[in-house]
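Values in this text are rule-based calculations from the coordinates and carry no lab data. From a predicted model like this one, the values you see are computed outputs, not experimental measurements. With ideal geometry, Cβ positions are generated from the backbone for all residues, glycine too; neighbour counts draw on all protein chains shown.
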Number of protein chains: 2
Amino acid sequence: MAAENARRERNKAQKRERITAAASRLFATQGFAATTTAQIAEEADVSHGTLFRYAATKAELLLMAGNTRFREALGSGRTACETIDDPVERLTALVSPMTADTLSLENLAAYQRNVLDGSPDEEHRAEALRLVDELIAAIADILRDAWRSPDAPDPRIAAEALYASLHVLILRTERERLDGSAFIHDFREHATLVVRGYLTTPRERTSS
Amino acid sequence: MAAENARRERNKAQKRERITAAASRLFATQGFAATTTAQIAEEADVSHGTLFRYAATKAELLLMAGNTRFREALGSGRTACETIDDPVERLTALVSPMTADTLSLENLAAYQRNVLDGSPDEEHRAEALRLVDELIAAIADILRDAWRSPDAPDPRIAAEALYASLHVLILRTERERLDGSAFIHDFREHATLVVRGYLTTPRERTSS
């Protein structure tokens, strides 16, 4: 019984992976709008019925594929910023992998909108919101480090503000059909402002 | 001929106004999701065919109704902040009328998403983007005033960053089913950060 359950779980994980990979490939090559769920089922070599057990709508498939990509980009960003000292350049390096592929900026914008869109009850959106929280935490860590003191003030508001900039700048980059380098330029300017705002936070009086 | 044209234009403007008002009322009382275009046509006393000459989709009707409300809120906000001195309180007073009606926060979030969603080619979205630009300019004016000097640095980045916070905080307030007062509290914290970041902008060297 245990072996049977293990095999079933393994099969499920493999199918989920195939579906996620197929959705990613098709969104990347033909765009989110032009891709149908039937194409994704065919590319993943599963029936349409099976597909719908993993994701009920195309929007959920976008979230599934986007979550995988977001997780990878966050990992690359964390690694890239480890060796950088300047906080603005560290923040820029952290977010750069998300927009490295300018072809996929349209899909990224669609993903971002879906993430912040409505109820967090759906499984893939809940996962996406956890990734957003991880990104905000990574931004907060860089800000706290920049203070270069153990009694740095809480960086949460500054990290949230910079995440908001990131989100709105991605939508603008897509809307105005700009490319990834325009996004990086604008993000760096917003990061400069937020870092300055955070580093001039008045220290709370500490009881001594 | 001139009189005929004038009458036709007047009729058109009246119909547009009736449709906008009908959409606003229905969205406000039953929510965006539950409202149908047929209900809006009936409430506005126009045929479904006529309705579609003014707005082809429910999303466009949301933009039409939202634009009217956004314009009114921007006017109220500008008036409210005239007599306030502190920049953070001025910024909070500027945006407060947009979220004054907590019942409509769901519609505001839907409107905001539609505004930043995709192509700016559609007429009502183009108008909405102009209103966003007006709001960002109003934020920039308050920031520039706060510098209390004729050689204040360019407030554009800070104004954009604060608009981004506004947008993302509205979506979060709706997603987490918070109320308008939670939004105002969070917005004030973001405004405090951005004002501090802006007021510590290094002055450009000026040729003397």
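Loop-only check: which trypsin sites (Lys or Arg not before Pro) in segment B:168-200 are DSSP coil with at most 16 other Cβ within 10 angstrom?
Values: sites: B:172, B:175, B:177, B:188, B:196; in loops: B:177.
Here the sparse-neighbourhood loop sites are B:177.
Let me know the mean shielding of A:167-177 by other chains, meaning the per-residue number of their Cβ atoms within 10 Å of its Cβ.
For this peptide, the per-residue mean of nearby foreign Cβ atoms is 4.
Once you treat every alpha carbon in segment A:155-199 as an equal point and sum by Debye, what is log10 I(q)/I(0) at q = 0.28, 0.29, 0.32 Å⁻¹?
Listed by q, the Debye log ratios stand at -0.94, -0.98, -1.09.
Would you please name the GluC sites (Glu not before Pro) within segment B:110-208 that are DSSP coil residues with at most 13 other C-beta atoms within 10 Å of their C-beta? Don't skip to the end; give the middle numbers.
Details: sites: B:122, B:123, B:127, B:134, B:160, B:174, B:176, B:189, B:204; in loops: B:122, B:176, B:204.
Those satisfying the criteria are B:176, B:204.
Classify segment B:63-140: rounded, prolate or oblate, from the alpha-carbon gyration tensor (a ≥ b ≥ c, eigenvalue square roots; a/c under 1.5 rounded; otherwise prolate if a/b is larger than b/c)?
Numbers: a/c = 2.39, a/b = 1.64, b/c = 1.46.
Prolate is the answer for segment B:63-140, as a/c is 1.5 or above and a/b outweighs b/c.
Rank B:22, B:137, B:13 by mean-square fluctuation in a GNM of chain B with C-alpha springs under 10 angstrom and give only the top-ranked residue.
Answer for the Gaussian network model of chain B: B:13.
Multiply the residue gap between residue A:80 and residue A:47 by 0.36 nm, knock off their C-alpha separation, and tell me the result in nm, one decimal place. Kindly include the intermediate steps, with their values, before the conclusion.
Values: separation 33, 0.36 × 33 = 11.88 nm, distance 3.99 nm.
Value of the extension gain: 7.9 nm.
Can you find, among B:181, A:190, B:66, the residue farthest towards the positive end of the dipole of the protein assembly as shown? Put +1 on the C-beta of Lys and Arg, -1 on that of Asp and Glu.
B:66
Could you name the lysines whose alpha carbon sits less than 29 Å from that of residue A:15, not counting residues in the same chain fewer than 8 places away?
A:58
Considering every residue in A:184-195, what mean count of other chain Cβ atoms within 10 Å of its Cβ is obtained?
Working: counts 0, 0, 2, 0, 0, 5, 7, 1, 3, 12, 7, 1.
Per residue, the number of nearby Cβ atoms from other chains is 3 on average.
Using a label point 7 angstrom from Cα along Cα-to-C-beta, what distances in nm, from shortest up, separate residue A:18 from the other copies?
Nearest first, the other copies' label points are 5.8 nm away.
Shortest first, in nm, what separates the label point of residue A:53 from those of the same position in the other copies (7 Å along Cα→Cβ)?
Once sorted, the set of distances for residue A:53 reads 5.3 nm.
So what's Rg/Rh here for the protein assembly as shown, counting alpha carbon atoms and using the Kirkwood radius for Rh?
Over the Cα atoms of the protein assembly as shown, Rg/Rh equals 1.01.
Quick one: in chain A, whose Cβ comes closest to the A/B rotation axis, and how close in angstrom?
A:197, 1
For residue B:86, place a label point 7 Å from Cα along the Cα-to-Cβ direction in every copy; what are the distances to the other copies, in nm, shortest first?
Reported distances to equivalent positions: 3.6 nm.
Based on the inverse mean of 1/r over its pairs of different Cα atoms, what is the Kirkwood hydrodynamic radius of segment B:58-205, in Å?
Working: mean 1/r = 0.0636 Å⁻¹.
In segment B:58-205 this quantity evaluates to 15.7 Å.
Given springs between every Cα pair under 10 Å in a Gaussian network model of chain B, which of B:124, B:190, B:48 has the largest fluctuation?
Top of the fluctuation ranking is B:48.
Using a/c under 1.5 as the rounded threshold, could you call segment A:4-93 rounded, prolate or oblate? The axes a ≥ b ≥ c are square roots of the C-alpha gyration tensor eigenvalues, and prolate needs a/b larger than b/c, oblate otherwise. Kindly include the intermediate steps, with their values, before the conclusion.
Values: a/c = 3.60, a/b = 1.80, b/c = 2.00.
Because a/c hits 1.5 or more and a/b fails to exceed b/c, segment A:4-93 counts as oblate.
Could you check the spin-label model distance between residue A:147 and residue B:30? Points 7 Å from the Cα along Cα→Cβ, value in nm.
Label-label distance for residue A:147 and residue B:30, simple model: 5.2 nm.
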